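One structure is given here, and the rest of the page talks about it.
The values are calculated or read from the model by the stated rules, or taken from the named source; none is laboratory data. The structure presented is a predicted model; accordingly, all values stated were derived computationally and were not measured. In this analysis, Cβ positions are derived from the backbone assuming ideal geometry, glycine residues included, and neighbour counts consider all displayed protein chains.
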Amino acid sequence: MAQISLNQQFVNTVACPADQSKQEITDLSCKGLVLEVRKSGGKTYYLRYTNDRGKQRQYRIGNATVLTLVQARTKCRATLNQIAIGQDPCEVKAQTRQVPTFATFIEDQYLPYVKSYKRSWDTDVSLLKNHLLTRFSGTYMDEITRQDIVKMHSERKASGAAAGSANRLLIMMRYIFNLALRWEVPGVKVNPTKGVPLMEENNKKERYLSVDEAQRLYDAVCKSQNTMLKYIVPMLILTGARKREVLDARWEDFDFNRRIWRIPMSKSGKARHVPLSDGALNILNTVPRDMKCEWAFPNPDTKKPFVSIFCAWDTARQSVGLADVRVHDLRHSHASFLVNAGRTLYEVQHILGHTQVKTTQRYAHLSQDTLLDAANAANKAVGHLFTPMVSASPAGQLQLLQ
């Protein structure tokens, strides 16, 4: 390897010896700077240095036909300064090359993970395919910025979608980057969704059965041609379970001694336990049972869980004027009965299996009637002592008589 003090004229005119594929020339005027001259005519500046672990490294400074010698030396010295404070440029470059694109991260890490525990992972696939991958597929994870997220969020709403639809994209991106941070994915240092607020949603349907409506609905399901509907619907109302949880319930899941129903796979992907009330136990004790069938509420014809109960359900609700009541509203109704009976939101959260109390907060307003009843309890005791006497004044106004 030749060693000389380089000058620009030399760099411009030097050529690789005919008997070599390349030649390396060390610059004596700048520590570590090497000029590589190739047989093809190409010329490149490199920096040779030894890292903190004693390993020799070579870092590309740039094309010698583009950079001047002065520029190459300036960049070389700046890089040496970085190395002196512990920033290895070769290591940084290696880490940069490990940063996955959004599509690669989703395919190799995110989807295998959610498929392992999330029952509704197909919903994730739909959102990814129709919205997120079309926008971020080839973008590296460390290149997605907060501005990109805000633009995605606002454009989804501007396209005519509901606020809830736009929010689902934001929530999913937030979860994706939280996982990337937790798994220490190369290049991901911050969550770009941080600080981006959800849009106000005013389209959440709030529908709760009154006691009278629950009675009417029960009368209707008892007349249904689907003979299991009169057990399924009350079980939904009395436990607050989700439709699929009841339809897929096995006898082995019920502990009658401890009065606990273990749902092995809930929406969150984890098992949860539902307390069995007297009413729920009565349903289980009266439902026809085939000792050869493992399912608690099977289709009598197939002896397997119902694929759908919509037709029978729709006929029943329509017949008593409750066409706006959805099966999922039975779960909401269970929560409303609990809250208005004076039970705390903490209790409701655990009975319904909500992982976040924010989900249960939607029922908070239902407690107002209970609070008014509690306040009126004091009024019934002593309220009559403070009732003022009133009479009409000549002007027609009411005046308090002292």
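Observations, loosely collected:
- Of the residues making up the range 75-100, those that are part of a helix (DSSP H, G or I) and either of a type in the set (S, T, N, Q) or modelled with pLDDT of 90 or more (or both) are K75, C76, R77, A78, T79, L80, N81, Q82, Q95, T96, Q98.
- Count of the range 99-132 residues which are more than 18 Å from A180 (Cβ to Cβ), more than 14 Å from the chain's Cα centre (by Cα) and surrounded by 13 or more Cβ atoms within 10 Å (Cβ to Cβ): 1
- Restricting V37, V70, V66 to residues that are surrounded by 14 or more Cβ atoms within 10 Å (Cβ to Cβ) and among the β-branched types (V, I, T) narrows the list to V37.
- Out of T96, T101, T145, sole residue that is of a type in the set (S, T, Y), in contact (Cβ under 8 Å) with a residue 40 or more places away in the chain and touching a Pro at 6+ places or on another chain (Cβ under 7 Å): T145
- Looking across the range 224-268, the residues that are of a type in the set (V, I, T) and surrounded by 19 or more Cβ atoms within 10 Å (Cβ to Cβ) come down to I232, V233, I237, T239, V246, I263.
- Answer residue from the range 299-316, given it is within 33 Å of the chain's Cα centre (by Cα) and surrounded by 15 or more Cβ atoms within 10 Å (Cβ to Cβ) and is nearest to W251 (Cα to Cα) among those: P305
- Number of the condition not met by S319 [criteria: (1) surrounded by 10 or more Cβ atoms within 10 Å (Cβ to Cβ); (2) at pLDDT below 75; (3) of a type in the set (S, T, Y)]: (2)
- Helices (runs of 4 or more DSSP H) contained in the range 105-208 and holding at least 1 residues closer than 30 Å to R331 by Cβ, of a type in the set (S, T, N, Q) and outside the structural domain of T360 (by TED's automatic domain parsing): 121-127, 163-182
- Failed item, numbered, when E245 is tested on (1) in contact with a strand residue (DSSP E or B) (Cβ under 8 Å, 6 or more places away or on another chain); (2) under 30 Å from V99 (Cβ atoms): (2)
- Total residues in the range 35-74, condition closer than 20 Å to V92 by Cβ, of a type in the set (V, I, T) and at pLDDT 90 or above: 3
- Residue satisfying all of: in the range 272-283; farther than 12 Å from R258 by Cα and free of Cβ contacts under 8 Å to residues at least 40 places away in the same chain; surrounded by the most Cβ atoms within 10 Å (Cβ to Cβ) among these: N282
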